[in-house]
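**Q** One structure coming up, written as structure tokens, with questions to follow.
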Amino acid sequence: MSNVASTRNTAGPSARERLLNAASDLFYAEGVKTVGIDRIIERAGVAKASLYNLFGSKEELVAAYLATRHENTRARLERALSDLDSPREKILAVFAVQATQVRQPDFNGCAFIAASTEAPAGGLVEHATDEYRHWLRQLFTDLARDAGASDPDQLGQQLHLIYDGVGISARTDHRDVKVCDAARRAVTTLLDTQTPSESNGN
């Protein structure tokens, strides 16, 4: 019995995890449309039947890949913001987290923008993209409101536009990380003009 328990405790990733990991690597690096099911199956080391039993279709696998990236982004930001009290600091921290991602060797732009441009309208991929972007816009809007912005919806939209611009510029301009510094300056200017100054804790 102890040998059986030991085997179970040291078991590797499940077939679902292996498929998602393989899909994440290949979809993000090469594009959703370019990567076929056979390459994902080969990378994951599972039978083709496993993919269709677990996900049903390539579209469902792409949606699951995007959902995983959404949750990973949410977790990164929650960790970064959890120890901060100032809404202004939290807004700047969102862009600091993005800057860290941009500087990663495998950075390849926004997975949601890339996937949605290749997907049919109204499908699972568009839905996953809409959910992610709504969540991100709401995050910026809520932080803008907490920071005392006179028009939090407008500031939230402006911050979201800058965030999008960083991802697109860093990806297309030969991974120019200086865009992160430019974005921080732009965000700071917006906060200076649209939110009350923070002084003496008031």
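Every number in this text was worked out from the coordinates using simple rules, so none of it is lab data. Predicted model, so just to flag it, every value in this text is computed and none were measured. When we count neighbours, we look across all protein chains shown, and the Cβ atoms used for this are built from the backbone with ideal geometry, even at glycine.
**Q** Taking 0.36 nm per residue of separation and subtracting the Cα-Cα distance, what length does fully extending residue 107 through residue 121 add?
**A** Result: 2.4 nm gained on full extension.
**Q** A further question follows. Pop out the ³J(HN,Hα) list for segment 120-131 in order, Karplus 6.51 cos²θ - 1.76 cosθ + 1.60 with θ = phi - 60°, rounded to Hz; leave Gly and Pro as x.
**A** x, 5, x, x, 5, 5, 4, 5, 5, 5, 4, 4
**Q** Within segment 130-158, what residues put their amide N at less than 12 Å from the label point 7 Å along the Cα-to-Cβ vector of residue 188?
**A** Output list for this probe position: empty.
**Q** Considering Cα pairs under 8 angstrom that are at least six residues apart, work out the relative contact order of the chain and quote it in whole percent. Walk me through the intermediate numbers first.
**A** Details: 169 pairs, mean separation 37.0, N = 202.
RCO, the chain: 18 percent.
**Q** So how far apart, in nm, are the two label points at residue 181 and residue 49 if each is 7 Å from Cα heading toward Cβ?
**A** 5.8 nm
**Q** Could you compute the net charge surrounding residue 44? Neighbours are other residues with a C-beta less than 14 Å from the C-beta of residue 44; K and R count +1, D and E count -1. Write down the numbers at each step before the final one.
**A** Values: positive: 16, 18, 39, 43, 48, 58; negative: 17, 25, 38, 42.
After counting each charged neighbour, the total is +2.
**Q** Something else now. Once log10 I(q)/I(0) by the Debye sum over Cα atoms at q = 0.09, 0.10, 0.19 Å⁻¹ is worked out from the coordinates, which option in (i) -0.54, -0.62, -1.22; (ii) -0.37, -0.46, -1.28; (iii) -0.44, -0.53, -1.31 does it equal?
**A** (iii)
**Q** Tell me, what is the FRET efficiency for residue 82 and residue 173 to the nearest 0.05, using R0 = 35 angstrom and their Cβ-Cβ distance as r? The partial results should precede the final answer.
**A** Values: r = 32 Å, r/R0 = 0.92.
Between residue 82 and residue 173 the formula returns 0.60.
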